[in-house]
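The values are calculated or read from the model by the stated rules, or taken from the named source; none is laboratory data. Keep in mind that what you see is a predicted model, and the values were worked out from it rather than measured. For neighbour counting, all protein chains shown are included, and Cβ atoms are generated from backbone atoms with ideal geometry for every residue, glycine included.
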Amino acid sequence: MSAKRTPRRKTTRQLAINADAVLKSLNIVFDADRPDRIEHFRPTTKCTALIRAVTAHESDRAFLIVAPYGTGKSLSAVYSLQMIENRPEARATLRSIAERLRTVSYELGGFAENRAKNENRRGLVIALHGACGNLADALQKAAIESIQRVGDGRQAKFLQSIATETGSDAMVILAAVRAKAVEKGYDRSVSFLHFG
């Protein structure tokens, strides 16, 4: 009979890990322009409901997602944002994720793949995070950030002249962004309100 060996304690060096290999939580605003933050994304059947709704594959345009921490809500939202904006620096990552998405939802994966291949498929995403004391002001800033992310920074100047004092001003801003999206040939404009 062999004697039971006590496991050796790992040294600090053995415990050291590559910080980039640790999955960190995502933030739809702070990670909107970082395709490297989503490259590990493995779409699941549950996340396809969010992606389908955000990309206008469902008739409902307003929805609420409630799920425990770590279930992929923010990751799915950041992926959807980047897929809609379809910026050149994100396309390689988007194509890779689209292949994985295709194994879960063939139709949605095909949509994502075709979108990533076509540089003319672009959209605007207004992403908000946290409580907004002044919704119109938050929408205005988020819309300007989106327009700048997609490379049309000069086009954002029209938003700066819109008042941001009332709830009605928020609706004016959304209407102005949608009109600009149509004028510029964007095929999608989406607003994310992300509290959490």
Practice task
Check segment 129-141 and report whether any residue there is closer than 30 Å to Pro88 by Cα and touching a Phe, Trp or Tyr at 6+ places or on another chain (Cβ under 7 Å).
Solution key: yes
Handout entry: Selection count where residues are in contact with a Ser or Thr (Cβ under 7 Å, 6 or more places away or on another chain), more than 15 Å from Arg115 (Cβ to Cβ) and of a type in the set (A, V, I, L, M, F, W, C), scope segment 43-89
Key = 2
Practice task
Of the conditions (1) surrounded by fewer than 13 Cβ atoms within 10 Å (Cβ to Cβ); (2) modelled with pLDDT of 70 or more; (3) in a loop (DSSP other than H, G, I, E, B), Lys24 clears all except one; give me its number.
Solution key: (2)
Problem - Residue ID - surrounded by the fewest Cβ atoms within 10 Å (Cβ to Cβ), chosen from residues in segment 70-91 that are at pLDDT 90 or above and part of a loop (DSSP other than H, G, I, E, B) - result: Arg87
Practice task
Determine, yes or no, whether Ala142 is modelled with pLDDT of 90 or more, of a type in the set (Gly, Ala, Ser) and farther than 30 Å from Ala112 by Cα.
Solution key: no
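Between Ala49, Ala67, Ala56, which is in a helix (DSSP H, G or I) and farther than 21 Å from Ala170 by Cβ?
On the way: Ala67 fails: in a helix (DSSP H, G or I); Ala56 fails: in a helix (DSSP H, G or I).
Answer to the check: Ala49.
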Completion exercise
The number of residues in segment 145-155 that are surrounded by fewer than 19 Cβ atoms within 10 Å (Cβ to Cβ) and touching a helix residue (DSSP H, G or I) at 6+ places or on another chain (Cβ under 7 Å) is 4
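Could you pull out the residue among Thr6, Thr12, Thr48 that is at pLDDT 70 or above and of a type in the set (Val, Ile, Thr)?
Result: Thr48 is the single residue among Thr6, Thr12, Thr48 that is at pLDDT 70 or above and of a type in the set (Val, Ile, Thr).
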Fill in the blank from the handout: Flagged in segment 132-166 as among the aliphatic types (A, V, I, L, M), farther than 18 Å from Glu183 by Cα and under 18 Å from the mean Cα position of the chain (by Cα), in numbering order, are Ala138, Leu139, Ala142
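Matching residues to (1) in the same structural domain as Asp36 (by TED's automatic domain parsing); (2) touching a residue at least 40 places away in the same chain (Cβ under 8 Å); (3) under 28 Å from Thr48 (Cα atoms); (4) loosely packed, with under 14 Cβ neighbours inside 10 Å:
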| position | (1), (2), (3), (4) |
| --- | --- |
| Thr93 | yes, yes, yes, no |
| Ile97 | yes, yes, yes, no |
| Arg115 | yes, no, yes, no |
| Leu159 | no, no, no, no |
| Thr164 | no, no, no, no |
| Gly167 | no, no, no, yes |
| Glu183 | no, no, no, yes |
| Asp187 | no, yes, yes, no |
